[in-house]
Amino acid sequence: MAGHSTYVPAFGFTRWLDKRLPILRLTHDTMTTYPTPRNLNIWYTFGGILTFCLGVQIVTGVVLAMHYVPNADLAFNSVENIMRDVNYGWLIRYMHANGASMFFLAVYIHMFRGLYYGSYKEPREVLWILGVLIYLLMMATAFFGYVLPWGQMSFWGATVITSLFSALDQLIPHLGSAITSWLWGGFAVGDATLNRFFSLHYLLPFAIAGVVGLHIWALHVPGNNNPLGIDVKGPQDTVPFHPYYTVKDAFYLSLFVILFAGFVFFAPNFFGNPDNYTPANPLVTPTDIVPEWYLLPFYAMLRSVPQKLIGVLVLVGALVTLFFVPWLDTSKVRSCRFRPLMKQLFWVLALDCVMLGYVGSQGADAALNLGGMQLPLVWLARLGTAYYYGFFWVLLPLIGRIEKTKALPESIAKSVLGATGERT
Amino acid sequence: MATATKPEPTRRDFLYIATGAVGAVGAAFAAWPFIDQMNPTSAVLAMASIEADISSVQLGQQVVFKWRGHPLFVRRRTPKEIAEARAVSLSDLPDPVARNANLPDNAPATDANRGSKAEWLVLVGVCTHLGCTPTVSTPQAPQGDYGGWLCHCHGSQYDTAGRIRKGPAPQNLAVPPYSFLSDTKIKVG
């Protein structure tokens with residue numbers, strides 16, 4: 001929260017430094033005295049968890065890059081070398097691979113938290129947009145990283161995703177092909193592609209770290225939203241970030257790390273695809289090609305449309321839609337706690353995304369057997385895609401106008417401490 | 001003052017804009033090497049053609065070669081497959097253009113325009129949707145409804161002339177530039 005600093009340097013050296021580079025003052029103001037609403041719940045600990053995830057990915061990634069070889073002939077074997085021969089290589093690689101899934105798990109919870117409590121609304125629009133940007137950068141980074149082991153899924157995933165650009169041929173002839181050839185550095189995904197993806201995979205996490213800095217800056221100007229969605233009215237509504245939220249974040253982070261460690265040590269290939277332990281073969285596509293779980297809902301949307309360019313546009317549009325959410329929601333009330341209609345539609349959206357994820361994980365011509373009647377899954381994908389777009393572009397603007405919201409509490413303090421707002 | 005007139009542009013204004021313009025053009029030129037470096041190198045482009053020995057391909061069989069990093073399908077069609085492909089009317093084809101690099105761009109997608117010899121079909125084995133390799137259909141293991149190929153990634157189906165019939169792929173499988181060097185040898189690219 002923008003306010004004047006209460007930092008008082010305690011020692012001679014810190015007084016000296018404070019006049020030259022007030023970095024300790026910045027740390028103090030943003031991580032110690034930063035006034036935080038006193039009613040934040042478990043769902044607000046995921047920002048800290050995500051910072052931890054980014055740190056884990058960067059540290060393990062830098063180590064893996066010391067042993068990995070970005071060459072089409074050597075990449076697969078160098079990964080096997082990491083797994084078998086490098087000291088603790090198996091641990092570091094499993095942390096990195098499962099860390100990506102944990103990162104996306106946390107980011108999805110964080111995003112749905114933001115949607116539920118209306119954290120994207122005025123004055124936090126830029127905060128939300130920066131978050132969507134981080135999410136897109138994460139997807140790009142994860143995609144580049146998935147290509148590096150150079151297994152069958154790596155190769156064909158790279159082929160399918162880069163070929164999305166070839167849909168532009170239907171707008172301007174040869175434009176799409178020129179872009180794919182430029183991305184590949186050849187006539188197909190190959191050695192040149194692998195090398196540049198490695199370079200970008202190393203670069204983008206630092207770009208993410210930069211945008212995370214902006215994200216936190218944009219958070220600290222208006223201050224945290226909170227489960228009630230009402231503004232902080234004074235010091236009685238807040239507690240200092242340290243020790244209250246440093247401890248709360250640390251507690252939930254340790255639970256999260258237990259889950260993370262559970263996957264790393266007991267089910268390290270749970271999120272992986274066995275086909276990726278087969279070296280890349282440009283002549284044979286695996287029969288069932290699926291992206292990583294965190295991309296499945298968008299994959300289902302792509303496949304729900306039988307026309308190439310429109311399918312690609314539906315996929316891209318689903319992501320671009322997120323940028324407009326702050327202006328699509330017309331309600332003055334932020335939190336779903338006081339929006340009965342929005343609350344229901346929100347949960348339908350959450351289920352919708354899970355359903356789309358399931359459909360995306362199944363084969364292109366799979367069907368659901370409903371007591372003898374075959375329901376092709378592609379129809380579920382169409383229904384799900386329609387709801388996703390309908391939620392953001394129709395329902396969100398509409399229900400803000402017609403919904404009868406519940407009465408908002410007077411203040412955070414009164415809601416937490418009872419009618420007097422005083423500690424009893 | 002209510003009626004402020006814009007001052008005449010000065011020499012300084014002109015120099016300011018001209019310098020900025022030259023700087024912008026310079027930046028664009030400087031960016032080009034950093035963009036173009038990602039395009040295929042001349043070594044990659046030089047590897048663009050292969051010669052393939054097709055003498056071992058049996059009737060009804062498909063053999064896959066590698067050309068420009070992609071699978072190259074060489075299929076020796078049975079009379080039945082040829083007859084099926086010839087029986088299709090052009091109006092039933094989602095993509096009515098031959099997509100044959102050896103013919104003009106607007107040649108119709110008749111079966112005769114898909115290969116220079118009826119028995120031989122030479123195709124780039126890249127699904128025109130998102131680049132997977134379609135699986136060949138045989139009488140023992142049919143793939144899709146049209147006897148040609150099925151792409152498992154997103155369900156595109158091709159007929160026995162490699163023309164798209166169903167699914168999200170927008171175009172027929174591409175016919176690469178090729179020629180018969182002898183009855184048993186082709187040059188592709």
Residue B:17 versus residue B:145, label points 7 Å from Cα toward the beta carbon: distance in nm? 6.4
Estimated distance in nm for a label pair at residue A:171 and residue A:206, the labels positioned 7 Å out from Cα along Cα-to-Cβ: 3.2
Quick one: how many Å² of residue A:353 are accessible to a 1.4 Å probe, rounded to 10? 30
Tell me the angle of helix A:191-220 to the major Cα principal axis of chain A, expressed in degrees between 0 and 90 and rounded to the nearest ten. 10
Where does helix B:11-36 land angle-wise versus the long Cα axis of chain B, in degrees 0 to 90, nearest 10? 20
Please give the charge dipole size of segment A:101-246, origin at the Cα centre, charges +1 on K and R Cβ atoms and -1 on D and E Cβ atoms. Round to the nearest 20 debye. 140
Past 21 Å, Cα to Cα: identify those pairs from A:308/B:117; A:121/A:406; A:248/A:343; A:121/A:233; B:117/B:187; B:66/B:166, in the order given. A:308/B:117; A:248/A:343; B:66/B:166
Which whole number of Å³ per residue matches the convex hull of the alpha-carbon atoms in segment A:19-168? 200
Of all the accessible heavy-atom surface of the protein assembly as shown, with the other protein chains kept in place and a 1.4 Å probe, what percent is carbon and sulfur? 67
Alpha carbon convex hull of segment A:305-405, volume per residue in cubic angstrom: 118
Using label points projected 7 Å from each Cα along Cα→Cβ, tell me how many nm separate residue A:394 and residue B:47, to one decimal. 5.1
Provide, in order from the shortest bin, the percent of all Cα-Cα pairs of segment A:50-96 in each 10 Å bin, continuing until the bin that contains the maximum pair distance. 29, 50, 19, 2
Residues of segment B:37-80 with amide nitrogen under 15 Å from the 7 Å Cα-to-Cβ point of residue B:182? B:51-57
Which of the aspartates and glutamates could a cross-linker bridge to residue A:414, judged by Cα under 14 Å and excluding same-chain residues fewer than eight apart? A:231, A:237, A:422
Helix A:89-116 vs. chain A, principal-axis angle (Cα, 0 to 90°, nearest 10): 60
Excluding ligands, DNA and RNA, what is the accessible area buried between chains A and B, summed over both sides, using a 1.4 Å probe, to the nearest 100 Å²? 2400
Take the alpha-carbon centre of segment A:330-363, take the same for segment A:110-130, and report the distance between them in whole Å. 15
Farthest toward positive dipole pole in chain B [+1 Lys/Arg, -1 Asp/Glu at C-beta], among B:104, B:85, B:32: B:32
From the Cα centre of segment A:264-296 to that of segment B:157-189, the distance in Å is 30
For the protein assembly as shown, taking Cα atoms only, what is the radius of gyration to one decimal and the Dmax to the nearest whole Å? 29.4, 98
Sort A:333, A:63 by heavy-atom solvent-accessible area, probe 1.4 angstrom, most to least. A:63, A:333
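The values are calculated or read from the model by the stated rules, or taken from the named source; none is laboratory data. Here the structure is a predicted model, which means the values were calculated and not measured. Quick reminder, even Gly has a Cβ in these numbers, built from the backbone with ideal geometry, and neighbours come from all protein chains shown. Just so you know, the surface numbers come from the protein's heavy atoms only, side chains and all, with ligands and any DNA or RNA stripped out. Shrake-Rupley method; radii C 1.70, N 1.55, O 1.52, S 1.80 Å.
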